[in-house]
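Below is one structure, written out as structure tokens; the observations come after it.
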Amino acid sequence: MPVELLHPDEDRFFNFALELVKKAGRLVRDAFDQPSSNVQTKASNTDLVTETDQAVEAMLIKGLSAEFPEHKFIGEESVAGGQKIESVAGGQKIVYSDAPTWIIDPIDGTTNFVHRIPMVAICVGLAIKKELRAGIVYNPITNELFSAQVGRGAFRNGFPIKVSQTEAVCKSVLLLQIGADRSDKIVNPFIESFKATMVNNDARGHRSFGSAAINMVYVAQGSVDAYAEYGIHAWDIAAATVIVREAGGIVIDPTGAELNVMGRKVLCAGTKKLAEELSGMLTHVEFVPEG
Ligand code: LIP
């Protein structure tokens, strides 16, 4: 069956971005091999940014906007730098429109990058009419390039990937991750959720790779069975969401509701049954959506 496109040029958008991400990978790899002391903090002491994050994001946005001048961007470092947000009652929102929008994390796993742990990813997702349509997640250190377009399947270095078929937490390797936000609102429910999946229900193992995108593509390729996190942002999950779904998995709000990519929380799993069981064990946290 031919894939229904939301924009006649979707394939061109995707192929152009794929080549650009490969080029960006060289920047990240070179910087990984030459540790620098240029590390700054953003929202908190645990929220890091390096000159490589900024350089890679600038390079991706420059390249994409030169080719597609009408496209919009939501980039981690641009938003952190105060761009692309508008003030609304009760806070600030990321500008998210129906236009083709690239959702970019130049280095997902910045703490790993700074500590030279090779679990990092350049993430480029494409949304059209607010629907996630394509995703690229590239770890240039391990040379793993994950990609997907809606309706076309998910790939790792050009080979198709599939999620695991595990249906029970007791047979699963789970990823429950805590991010930069260490407020009680997030930490206390995290501890409860961790205990629930460990003490009473005995997941086969727990892992956490320090990058939402790497966590998700490892679900996509069936290495691990499910992942959940609260406090993440659109750029951490947009690209990998398409990859997990195209690998046959599900990506939802941890409560079981439909995913809101701006909702700051995610649960993904290889099977619906596993997602439902895990959802029932988590202590949920609510956020005001970011966009
Ligand atoms: C990171 C996420 C990770 C989360 C961290 C952080 P960054 O993104 O991928 O899952 O736990 O707090 O948000 O900041 O390395 O791009």
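General remarks:
- Each part gets one Cα centre, and for region 165-230 versus region 2-20 those centres are 32 Å apart.
- Trypsin sites (Lys or Arg not before Pro) within region 238-288, DSSP loop, no more than 11 other Cβ atoms inside 10 Å: none
- Among residues other than residue 137 with Cβ under 10 Å from its Cβ, the summed charge is -2 (Lys and Arg +1, Asp and Glu -1).
- For residue 185, a cut-off of 14 angstrom between C-alpha atoms picks up these aspartates and glutamates, skipping any fewer than 8 places away in its own chain: 229, 286.
- A probe of 1.4 angstrom, applied to the heavy atoms of all protein chains, finds residue 185 with accessible area near 100 square angstrom.
- Distance between the 7 Å Cα→Cβ label points at residue 1 and residue 98: 2.5 nm.
- The lysines whose alpha-carbon is closer than 22 Å to the alpha-carbon of residue 22, local same-chain residues fewer than 8 away aside, are 62, 72.
- Legend: residues 170, 268, sorted from most to least accessible area (1.4 Å probe; ligands, DNA and RNA excluded), read 170, 268.
- Solvent exposure ordering (accessible area, 1.4 Å, most first) of 65, 223: 223, 65
- Scanning the chain for DSSP H helices at least 15 Å long along the axis (C-alpha atoms) with a Kyte-Doolittle mean no lower than 0.5 picks out 234-246.
- For residue 250, the accessible area of its heavy atoms, probed at 1.4 Å with every protein chain present, is near 50 square angstrom.
- Computed magnitude of the charge dipole of the chain (debye, nearest 20; Cβ of K, R +1, Cβ of D, E -1): 460
- Low-density loop positions, GluC sites (Glu not before Pro), region 192-286 - DSSP coil, at most 13 other Cβ in 10 Å: 286
- Label-to-label distance, nm, for residues given as residue 183 and residue 206 (7 Å Cα→Cβ offset): 2.3
- A 1.4 Å probe over all protein chains sorts 152, 133 by accessible area into 152, 133, starting with the largest.
- For the chain, modelled as a GNM whose springs connect Cα atoms under 10 angstrom apart, the maximal fluctuation among 33, 181, 53 occurs at 33.
- Candidates 140, 69, 100: whichever shows maximal mean-square fluctuation once the chain is modelled as a Gaussian network with Cα springs under 10 Å: 69
- Taking 25 Å as the limit for the C-alpha separation, the pairs 93/130; 23/130; 42/130 exceed it in the case of 23/130; 42/130.
- Entry note, region 169-280: relative contact order of 28 percent, from Cα contacts under 8 Å with a spacing of 6+ residues.
- The chain - accessible surface per residue (Å², probe 1.4 Å): 44
- Surface composition of the chain: carbon and sulfur atoms hold 51% of the protein heavy-atom accessible area at a 1.4 Å probe.
- Computed accessible area, residue 206, all protein chains, 1.4 angstrom probe, square angstrom: 40
- Residue 34/residue 287 FRET efficiency (R0 35 Å; Cβ-Cβ; nearest 0.05): 0.40
The values are calculated or read from the model by the stated rules, or taken from the named source; none is laboratory data. If you're wondering where the values come from, they're calculated on a predicted model, not measured in any experiment. Glycine gets a Cβ as well: all are built from the backbone with ideal geometry, and neighbour counts include every protein chain shown. The area values use the complete protein model at the heavy-atom level, side chains included, leaving out ligands, DNA and RNA. Shrake-Rupley method; radii C 1.70, N 1.55, O 1.52, S 1.80 Å.
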